[in-house]
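K.L.:
The structure under discussion is supplied below as structure tokens; questions concerning it will follow.
The values are calculated or read from the model by the stated rules, or taken from the named source; none is laboratory data. These numbers come from a predicted model, not from an experiment. All Cβ positions, even for glycine, are placed from backbone atoms using ideal geometry, and neighbour counts span all protein chains on display.
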Amino acid sequence: MREQTYIIESFTEMADRYEGLMNSELGRFWGIKYRDFVENVLSGVKLSNESFFIDIATGTAFIPQLQLSKNPELKHVFGLDLTFEMLFQAKNQLLRKHTDLPVKLLCASAHEMPFRKNVFDIATCCLATHHMDAEKLLANTHASLRPGGKLFFGDVGGSARWKIFFIRGFLRLAAFVYFLFTENLSRARAESSAVSNVRTAGEWLELMRDAGFCNISVREMEMNRFWIPNPVIIEAQKPKEA
């Protein structure tokens, strides 16, 4: 609960500058633009006009807006986020571009998604899983997907060395100090707490299998920043007979 409070405080503060901040930080850490990273994560997403699509931890609804720019006829687009202020920014952006609100925005946790089972064809989640309980996220996403539905997400990857107690402690301290000086106390708390949630590619593969997914693809993007772990991009499917 304490970590969730840090996340809400941090993302409330950065809501009106989120996309610019992500562009700056991804450029600094990975040498890539925010949009280019998102496009890489979503490269396998295929939506028809009737597809039910949800973006988890949608923030300012950058991903739903990107999908709508490619197919304005999408009818069932949802964005879920824990932070009300991020959704407020998302709503304002969407209404500046559309006469009505083409994305259904919900303020809720990915750990307790307010949907019945077997609803969505596609679920996405970008740069957010390190702030979540992976088992709860995957269980809820698996339940909300239709049989044959797919999940796409990308986030920072980890190293097996991060599991060593003193290394994990050092990384938590380093994250806290870095974000305290570049951002603020709430961001420092949120990112420091998130270190323990960062997973290796192998761990994600095991977690996806345990959650019931199949046809799992886990890949690392080589970003040529030896001091920063490479991002992990994952695509998986809920079995069609589920």
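K.L.:
Which one is nearest to PHE152 (Cα to Cα) among residues in segment 61-89 that are part of a loop (DSSP other than H, G, I, E, B) and without any contact (Cβ under 8 Å) to a residue 60 or more places away in the chain? Working first, answer last.
P.N.:
As a first pass, look at segment 61-89 and keep what is part of a loop (DSSP other than H, G, I, E, B): 61, 71-75, 82-83.
The next check asks that each one be without any contact (Cβ under 8 Å) to a residue 60 or more places away in the chain; those that pass are 61, 71-75.
Numbers: ALA61: 16, ASN71: 18, PRO72: 21, GLU73: 21, LEU74: 18, LYS75: 20 Å.
Restricting to residues being part of a loop (DSSP other than H, G, I, E, B) and without any contact (Cβ under 8 Å) to a residue 60 or more places away in the chain, the top hit is ALA61.
K.L.:
On the basis of being surrounded by 20 or more Cβ atoms within 10 Å (Cβ to Cβ), touching a helix residue (DSSP H, G or I) at 6+ places or on another chain (Cβ under 9 Å) and modelled with pLDDT under 95, does HIS98 make the cut? Spell out the reasoning first.
P.N.:
Working: surrounded by 20 or more Cβ atoms within 10 Å (Cβ to Cβ): no; touching a helix residue (DSSP H, G or I) at 6+ places or on another chain (Cβ under 9 Å): yes; modelled with pLDDT under 95: yes.
The answer is no for HIS98.
K.L.:
A further question follows. Identify the residue in segment 212-233 that is in contact with a Leu (Cβ under 8 Å, 6 or more places away or on another chain) and at pLDDT 95 or above and, among all such residues, is nearest to VAL156 (Cα to Cα).
P.N.:
Of everything passing the filter in segment 212-233, ILE216 is nearest to VAL156 (Cα to Cα).
K.L.:
Follow-up question, since we're still on this one. Kindly establish whether PHE115 is at pLDDT 95 or above, farther than 22 Å from VAL198 by Cα and not aliphatic (A, V, I, L, M).
P.N.:
So PHE115 fails the test.
K.L.:
Would you be able to tell me the number of residues in segment 41-58 that are surrounded by 15 or more Cβ atoms within 10 Å (Cβ to Cβ) and farther than 23 Å from ASP133 by Cβ?
P.N.:
Final tally of qualifying residues: 6.
K.L.:
Can you tell me which residue among ARG209, ARG161 is without any contact (Cβ under 8 Å) to a residue 12 or more places away in the chain, touching a strand residue (DSSP E or B) at 6+ places or on another chain (Cβ under 8 Å) and not aromatic (Phe, Trp, Tyr)?
P.N.:
Criteria check complete, one pass: ARG209.
K.L.:
Could I ask something else about it? What's the number of the only condition in (1) surrounded by 13 or more Cβ atoms within 10 Å (Cβ to Cβ); (2) out of contact with any Cys (no Cβ under 7 Å at 6 or more places or on another chain); (3) hydrophobic (A, V, I, L, M, F, W, C) that PHE153 fails to meet?
P.N.:
Of the numbered conditions (1) surrounded by 13 or more Cβ atoms within 10 Å (Cβ to Cβ); (2) out of contact with any Cys (no Cβ under 7 Å at 6 or more places or on another chain); (3) hydrophobic (A, V, I, L, M, F, W, C), the odd one out for PHE153 is (2).
One line per residue, one yes/no per condition, for (1) farther than 22 Å from ASP81 by Cα; (2) in contact with a Cys (Cβ under 7 Å, 6 or more places away or on another chain); (3) at pLDDT 90 or above:
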site	(1), (2), (3)
HIS111	no, no, yes
THR182	yes, no, yes
LEU185	no, no, yes
THR200	yes, no, no
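K.L.:
Only residues in segment 38-55 that are touching a residue at least 60 places away in the same chain (Cβ under 8 Å) count as the first member; pair them with residues that are of a type in the set (D, E, K, R) and surrounded by 15 or more Cβ atoms within 10 Å (Cβ to Cβ), Cβ under 7 angstrom, at least 6 apart or cross-chain, and list the lot.
P.N.:
GLY44/GLU235; SER51/ASP121; PHE52/ASP121; PHE53/ASP121
K.L.:
I'm trying to understand the selection: among the residues of segment 156-204, which are out of contact with any Lys or Arg (no Cβ under 6 Å at 6 or more places or on another chain) and of a type in the set (S, T, N, Q)?
P.N.:
Step one: list which residues in segment 156-204 are out of contact with any Lys or Arg (no Cβ under 6 Å at 6 or more places or on another chain), which gives 156-157, 159-161, 163-166, 168-178, 180-191, 193-194, 196-204.
Listed by number, the residues that qualify are SER159, THR182, ASN184, SER186, SER193, SER196, ASN197, THR200.
K.L.:
Can I ask one more? Counting only residues that are under 15 Å from the mean Cα position of the chain (by Cα) and charged (D, E, K, R), give me the helices (runs of 4 or more DSSP H) lying completely in segment 1-51 with at least 1 of them.
P.N.:
Details: elements: 2-14, 18-29, 34-41.
Answer list for segment 1-51: 18-29, 34-41.
K.L.:
Here is a list of conditions, (1) farther than 30 Å from HIS76 by Cβ; (2) within 19 Å of the chain's Cα centre (by Cα); (3) surrounded by fewer than 21 Cβ atoms within 10 Å (Cβ to Cβ), and SER217 meets all of them except one; can you say which number that is?
P.N.:
(1)
K.L.:
Please specify each residue of segment 164-199 satisfying the condition of being hydroxyl-bearing (Ser, Thr, Tyr) and without any contact (Cβ under 8 Å) to a residue 40 or more places away in the chain.
P.N.:
TYR178, THR182, SER192, SER196 - these are the residues of segment 164-199 that are hydroxyl-bearing (Ser, Thr, Tyr) and without any contact (Cβ under 8 Å) to a residue 40 or more places away in the chain.
K.L.:
Quick check on segment 168-211: of everything there that is among the polar types (S, T, N, Q) and assigned to a helix (DSSP H, G or I), which residue is surrounded by the fewest Cβ atoms within 10 Å (Cβ to Cβ)?
P.N.:
Out of the qualifying residues, it is THR182.
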